[in-house]
Amino acid sequence: QKGGFKHFMLKEIFEQPRVIADCLAGRVQRGSERVALPELEAMDAPERLFIVACGTSYHAGLWGMYLMEQWAGIPTRVEIASELRYREPVLGPGDTVLAISQSGETADTLAGMHLAKARGARVIGLCNVVGSSVAREADVVVHTQAGPEISVASTKAMCSQLTLLTLMAMVFGQKKGVLPADVAAHCVPALEGLPALLDGILPALRERAKELCRVYSEARSFLFLGRGLCYPLALEGALKLKEISYIHAEGYAAGEMKHGPIALIDPKFPTFALAPHDGLYPKVKSNLQEVQARGGKIIALTQPGADLDVDHPWEIPAAWGPLSTFLMLPALQLFAYEMADYLGKDVDQPRNLAKSVTVE
Ligand code: M6R
């Protein structure tokens, strides 16, 4: 069942190239710039969008917000479902809610959907389990096609959510006629190349994760930093590490560091930075210099062309635009996985956690 892998989590991390390919099948076509999501064919692009989710699915939603705004010009808010359900959000007919859930059974996400429906909003479900409550109750459902996810720590499901959010942002941008020309020209070919690119680097990512976790296995706490699209990834890297290795970790927007967390930095409090060679790179670099000035050790995921002088650079290949995410995410997952395995934790069944959180 584990296909020769030691844990389901590892198997599921290595399934991600296939997951991306499955999510693209029938939705993008070689030689065409256009993306087709028949599920959304009949609807107009949202005027504004509320994304509602929990945990890893919430992080996927935060990432999706950047693309919805940049590519489709849709004002987007991302809400933790357990917060939304007890607020009085300004939400009503004409609004669209996107509920993201791997299991489709998360109680808080369902409650957020119920609230949205009661107020007359339209609900799109982005869900991995066919026939689940989210799939049944949404007005429109888009399936993520990650296949069954067994490990409590969500990995390939997030990859599938990010793939579908990319396609949805493109579809809405197409519908509104605002999709930036470079996105129209480059995104589909880049997506099509992703499975092979990721497949080729996964073994090396795993080896590097193994080396690094041995260096840092005595850390009591980690800071994960990122900006822009890497901010949700920093949150996700921290969540993965804490949930399976039980090492405390905090994900932070790199620019917020000087507003508090910098006080924590010392040689025993390492930072895991997401520093791709994009437009925000100079900003992240300067944040990391602030960490180094206080004796903090740094692991940094970087790309060719970056000139970071940190304790442990971790170079990954470049991918087009936001698609670098699909190469950074498995590095974070593998770091958490190798750390938990090295520390002898129960990787697939971490203490106190359930795969599907069906109660409040
Ligand atoms: O099934 P869902 O996507 O609705 O689940 C949401 C969270 O419970 C889930 O992502 C949780 O945070 C994972 N254990 C993270 O790995």
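The values are calculated or read from the model by the stated rules, or taken from the named source; none is laboratory data. The structure displayed is predicted, hence computed values, not measured ones. Don't worry about glycine lacking a Cβ; one is built from the backbone with ideal geometry, like all the others, and counts go over all protein chains shown. These area figures cover heavy atoms from the full protein model, side chains too; ligands, DNA and RNA do not enter into them. Shrake-Rupley method; radii C 1.70, N 1.55, O 1.52, S 1.80 Å.
Here is how the numbers come out for the structure above:
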{"read-out": "Accessible solvent surface per residue of the chain, calculated while the other protein chains remain in place, 1.4 angstrom probe, Å²", "value": "39"}
{"read-out": "Sparse-neighbour loop sites [trypsin sites (Lys or Arg not before Pro); region 53-92; at most 14 other C-beta within 10 Å; DSSP]", "value": "R87"}
{"read-out": "Charge sum, other residues only, whose C-beta stays under 14 Å from S221's C-beta, Lys/Arg counted +1 and Asp/Glu -1", "value": "+1"}
{"read-out": "Straight-distance crosslink candidates among lysines, where the alpha carbon sits under 27 Å from K156 and sequence neighbours closer than 8 are dropped", "value": "K2, K6, K11, K210, K240, K242, K345, K355"}
{"read-out": "Largest-first principal axis extents of the Cα set of the chain (Å)", "value": "54, 45, 45"}
{"read-out": "Neighbour net charge for V141 - beta-carbon separation under 13 angstrom, K R +1, D E -1", "value": "-1"}
{"read-out": "Zone of K210's modelled label, taken as backbone nitrogen in region 291-322 under 14 Å from a point 7 Å along Cα→Cβ", "value": "none"}
{"read-out": "Dipole of the chain, positive direction: furthest Cα of L288, V215, I80, with charges on the beta-carbon", "value": "V215"}
{"read-out": "Low-density loop positions, trypsin sites (Lys or Arg not before Pro), region 193-253 - DSSP coil, at most 16 other Cβ in 10 Å", "value": "R220"}
{"read-out": "Whole-Å distance, taken between Cα centres, linking region 292-344 and region 181-215", "value": "12"}
{"read-out": "Coil-residue GluC sites (Glu not before Pro) of region 209-284, DSSP, other Cβ within 10 Å capped at 10", "value": "E218"}
{"read-out": "Using a Förster distance of 30 Å, the FRET efficiency for R119-A25 (Cβ separation, nearest 0.05)", "value": "0.25"}
{"read-out": "Choice from I51, I244, I201 with maximal GNM fluctuation in the chain (Cα, 10 Å cutoff)", "value": "I201"}
{"read-out": "Percent accessible area from carbon and sulfur atoms, the chain, protein chains only, probe 1.4 Å", "value": "51"}
{"read-out": "20 Å cut-off, amide nitrogen to a point 7 angstrom out along D311 Cα→Cβ, residues in region 263-284", "value": "263-276, 284"}
{"read-out": "Value of relative contact order over region 1-153, rounded to a whole percent, pairs C-alpha under 8 Å and six or more apart", "value": "22"}
{"read-out": "Loop-exposed chymotrypsin sites (Phe, Trp or Tyr not before Pro) per DSSP, neighbour cap 16 Cβ within 10 angstrom, longest uninterrupted part of the chain", "value": "87-245"}
